[in-house]
1. For the condition in a loop (DSSP other than H, G, I, E, B) and either out of contact with any helix residue (DSSP H, G or I) (no Cβ under 7 Å at 6 or more places or on another chain) or among the aromatic types (Phe, Trp, Tyr) (or both), what is the one hit in Phe240, Phe164?
2. With the structure loaded, tell me whether Val100 is at pLDDT 95 or above, in contact with a His (Cβ under 6 Å, 6 or more places away or on another chain) and either in the same structural domain as Val145 (by TED's automatic domain parsing) or under 12 Å from Val145 (Cα atoms) (or both) or whether it fails that test.
3. Tell me, which strands (runs of 3 or more DSSP E) wholly within the range 13-86 include 3 or more residues that are buried (at least 22 other Cβ atoms within 10 Å of the Cβ) and within 16 Å of the ligand (Cβ to nearest atom)?
4. Looking for something in a helix (DSSP H, G or I), over 14 Å from the mean Cα position of the chain (by Cα), closer than 24 Å to Pro75 by Cβ and in contact (Cβ under 8 Å) with a residue 24 or more places away in the chain - is there at least one such residue anywhere in the range 128-135?
5. Could you go through the range 92-115 and let me know if any residue there is farther than 22 Å from Lys11 by Cα, in contact with a helix residue (DSSP H, G or I) (Cβ under 8 Å, 6 or more places away or on another chain), in contact (Cβ under 8 Å) with a residue 12 or more places away in the chain and within 16 Å of the ligand (Cβ to nearest atom).
6. Looking at Leu40, Leu57 in this structure, which one is among the aliphatic types (A, V, I, L, M) and either without any contact (Cβ under 8 Å) to a residue 60 or more places away in the chain or outside the structural domain of Ala200 (by TED's automatic domain parsing) (or both)?
7. Filter the range 87-115 down to the residues that are touching an Asp or Glu at 6+ places or on another chain (Cβ under 9 Å), farther than 25 Å from Ala169 by Cβ and either aliphatic (A, V, I, L, M) or surrounded by 15 or more Cβ atoms within 10 Å (Cβ to Cβ) (or both) and list them by number.
8. Give Ala54, Ala119, Ala79 a once-over and let me know the one that is in contact with a strand residue (DSSP E or B) (Cβ under 7 Å, 6 or more places away or on another chain) and more than 29 Å from Pro20 (Cα to Cα).
Amino acid sequence: MDFLELDAVTKEYPNRSGPPARVMDQVSLSVRQGEFMAVLGPSGCGKSTLLQMAAGLLPVSDGTVRIAGRRIIAPPPEAVYVFQQYTRSLLPWRNVRDNVGFAIEHRLGRRRAREVAEAQLDQVGLEGFGDHFPWQLSGGMQQRVAIARALAAEPAMLLMDEPFSAVDALTRLDLQALILEIWARRRLTVLLVTHDVDEAITLADRIAVLTRRPARMAEMVEVGLPRPRDAVATREAPQFLALRRRLLDRLLLRHDG
Ligand SMILES: Nc1ncnc2c1ncn2[C@@H]1O[C@H](COP(=O)(O)OP(=O)(O)OP(=O)(O)O)[C@@H](O)[C@H]1O
């Protein structure tokens with residue numbers, strides 16, 4: 001049994017002026033416990049839709065989603081979702097510490113939640129920033145706060161929707177290195193949606209490639225690069241370059257199939 005299992009998942013959105021719009025067609029994939037999987041696909045093909053269904057945030061139209069063997073129809077306790085739009089996901093009236101503790105304070109109480117939050121902030125390199133407000137931090141630091149908040153709930157799985165797309169290129173490399181380090185240390189299961197081929201290869205064990213809308217599984221690619229990976233040096237490996245070429249050709253539809 002794999003940790004996350006999508007079996008023949010189909011999604012249709014209602015359409016006011018006609019038949020429902022099918023955005024995903026019979027997608028099946030399984031993520032093993034502790035595996036890092038990236039999902040790549042052309043813009044608008046349904047990557048976010050897939051992630052939201054995996055998170056129990058959006059119902060499937062057909063097929064099933066299972067986490068740890070249980071069918072998912074609501075957000076499961078094992079998984080936390082990290083949004084792309086960190087500026088919208090952090091609460092501007094709460095300082096950084098209380099943002100990180102937000103999701104756990106009802107369970108642990110405010111005092112204990114603050115202690116946990118401080119520890120999480122250390123782990124994402126934001127020691128000493130607990131009293132700051134989100135709007136006093138750079139974009140990359142805000143995304144670190146969002147990651148610390150996700151980790152505070154001690155999830156077994158992180159579901160990330162293009163989490164680094166709103167930051168500059170150098171900050172992005174920094175955050176990729178951070179995620180690699182956290183993933184290795186905590187043995188998390190990760191499903192990461194991205195449209196960045198380099199990011200997918202650098203981070204993932206396997207890459208699920210989707211077709212244009214309606215999304216179907218095009219290919220499941222084994223990355224096979226040795227770990228631990230360095231977010232910069234890995235990009236120069238011949239294996240990296242060959243895989244990059246193959247994936248770009250596929251996404252740009254420069255070959256059959
Ligand atoms: N609530 C909705 N109602 C109707 N159609 C929707 C809804 N949400 C998404 N769609 C459509 O479903 C398709 C897939 O959207 P989704 O955001 O999952 O794609 P994506 O691959 O994540 O896109 P991008 O790469 O641009 O972020 C798009 O064509 C979108 O217009």
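1. On the way: Phe240 fails: in a loop (DSSP other than H, G, I, E, B).
One residue alone meets the criteria, Phe164.
2. On the way: at pLDDT 95 or above: yes; in contact with a His (Cβ under 6 Å, 6 or more places away or on another chain): no; either in the same structural domain as Val145 (by TED's automatic domain parsing) or under 12 Å from Val145 (Cα atoms) (or both): yes.
No, not satisfied.
3. 36-40
4. Among the residues of the range 128-135, at least one is in a helix (DSSP H, G or I), over 14 Å from the mean Cα position of the chain (by Cα), closer than 24 Å to Pro75 by Cβ and in contact (Cβ under 8 Å) with a residue 24 or more places away in the chain, which makes the answer yes.
5. The answer is no, given that none of the residues of the range 92-115 is farther than 22 Å from Lys11 by Cα, in contact with a helix residue (DSSP H, G or I) (Cβ under 8 Å, 6 or more places away or on another chain), in contact (Cβ under 8 Å) with a residue 12 or more places away in the chain and within 16 Å of the ligand (Cβ to nearest atom).
6. On the way: Leu40 fails: either without any contact (Cβ under 8 Å) to a residue 60 or more places away in the chain or outside the structural domain of Ala200 (by TED's automatic domain parsing) (or both).
Criteria check complete, one pass: Leu57.
7. Leu91, Asn95, Arg97, Asp98, Val100, Gly101, Ile104, Glu105, Leu108, Ala113, Arg114
8. Ala79
The values are calculated or read from the model by the stated rules, or taken from the named source; none is laboratory data. Please read these numbers as outputs of a predicted model, since none were measured by experiment. Because the Cβ atoms are built from the backbone with ideal geometry, glycine has one as well, and the counts that use them run over all protein chains shown.
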